[in-house]
Amino acid sequence: MFRRLFLAAFWRAWDAGQFTFHGQLQPLRVRAAVQGLLAPIRHSKWVVYAKPPFGGPQRVLEYLGRYTHRVAISNRRLQDWNAQSGHVAFAWKNYRRQGAEAVGTMTLAADEFIRRFLLHTLPAGFQRIRYYGLLANRFRAANLELCRQLLQTGQLLPAAQLLILTPPSPAGLTFHCPRCQLGVLVRTQTLFPIRWPGQPDSS
């Protein structure tokens, strides 16, 4: 039923022109091409995972905080460290089991424990959280102050003032937001592909 309803909603949106296809996806503007793409999933089994929604904004922040501001393993899960044998014991949970059987203790060699811990660290040059839009570092202070003022007064910001929140375009070129046609898109940096050690050079 979910598969049928999902595909029916997709085609209603496609017929209404709510999808845009650019670049390599331009062939999908033809209905027959989309039908060919979706043909395999129309006959495959869909496994739907659904759960109750979050209980308000506070729960959402708590959920995201567990992934953005916590380390791979908390101190309370560390149970023992044997300096002689070089092993670390910590609590872990087997989600395939239920109740008391799901919680147990795992003991690993120190080097294996460190290896698994480092799998959760980002490579050099990567940033865990990036701020953009109103929270962009360059304009954050001014934008947040303006937001606080608007929230206190309950007034809407005129469209002319929305442009104040965006920096001027370089060299006099203007790239308007394709959705609202008010904001200005500005290229601030060009990121080139990173070639990791041992990776062949495609050039």
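For the stretch 72-114, what are the residues that are in a helix (DSSP H, G or I) and under 28 Å from Gln127 (Cα atoms)? Matches in the stretch 72-114: Asn75, Arg76, Arg77, Ala110, Asp111, Glu112, Phe113, Ile114. Could you please give the count of residues in the stretch 36-86 that are more than 30 Å from Ala8 (Cβ to Cβ) and not acidic (Asp, Glu)? Result for the stretch 36-86: 29. Only one of the numbered conditions (1) among the small types (Gly, Ala, Ser); (2) more than 28 Å from the chain's Cα centre (by Cα); (3) more than 30 Å from Met1 (Cα to Cα) is violated by Ala39, and that is (3). Is one or more of the residues making up the stretch 11-23 within 30 Å of Arg128 (Cα to Cα) and outside any loop (DSSP other than H, G, I, E, B)? Scanning the stretch 11-23, I find at least one residue that is within 30 Å of Arg128 (Cα to Cα) and outside any loop (DSSP other than H, G, I, E, B), so the answer is yes.
Looking at the stretch 16-36 only, could you name the residues that are surrounded by fewer than 11 Cβ atoms within 10 Å (Cβ to Cβ) and over 25 Å from the mean Cα position of the chain (by Cα)?
Within the stretch 16-36, the subset surrounded by fewer than 11 Cβ atoms within 10 Å (Cβ to Cβ) is 16-18, 20, 22-24, 32.
If the condition is that a residue be surrounded by fewer than 11 Cβ atoms within 10 Å (Cβ to Cβ) and over 25 Å from the mean Cα position of the chain (by Cα), then Ala16, Gly17, Ala32 are the ones that fit.
Among the conditions (1) touching a His at 6+ places or on another chain (Cβ under 6 Å); (2) modelled with pLDDT under 85; (3) of a type in the set (Val, Ile, Thr), Thr107 misses just one, which is (2). Return a yes/no flag: does the stretch 158-171 have any residue that is modelled with pLDDT of 80 or more and either outside the structural domain of Ile73 (by TED's automatic domain parsing) or under 27 Å from the mean Cα position of the chain (by Cα) (or both). The answer is no, given that none of the residues of the stretch 158-171 is modelled with pLDDT of 80 or more and either outside the structural domain of Ile73 (by TED's automatic domain parsing) or under 27 Å from the mean Cα position of the chain (by Cα) (or both).
A residue that is basic (Lys, Arg) and closer than 28 Å to Phe117 by Cβ cannot be found anywhere in the stretch 36-48.
In the stretch 57-71, of all residues being surrounded by fewer than 10 Cβ atoms within 10 Å (Cβ to Cβ) and more than 19 Å from Gln127 (Cα to Cα), the one that is modelled with the highest pLDDT corresponds to Gln58. Within the option set Ala50, Ala9, Ala13, being within 25 Å of the chain's Cα centre (by Cα) and closer than 30 Å to His120 by Cβ holds for one residue only, Ala50. Just give me the residues in the stretch 100-141 being under 30 Å from Val184 (Cβ atoms), surrounded by 10 or more Cβ atoms within 10 Å (Cβ to Cβ) and free of Cβ contacts under 8 Å to residues at least 12 places away in the same chain, in sequence order. Passing the criteria: Tyr131, Gly133, Leu135, Ala136, Arg140.
The values are calculated or read from the model by the stated rules, or taken from the named source; none is laboratory data. Everything quoted here is computed from the prediction, not taken from an experiment. Cβ atoms come from the backbone with ideal geometry, glycine included; neighbour counts cover every protein chain shown.
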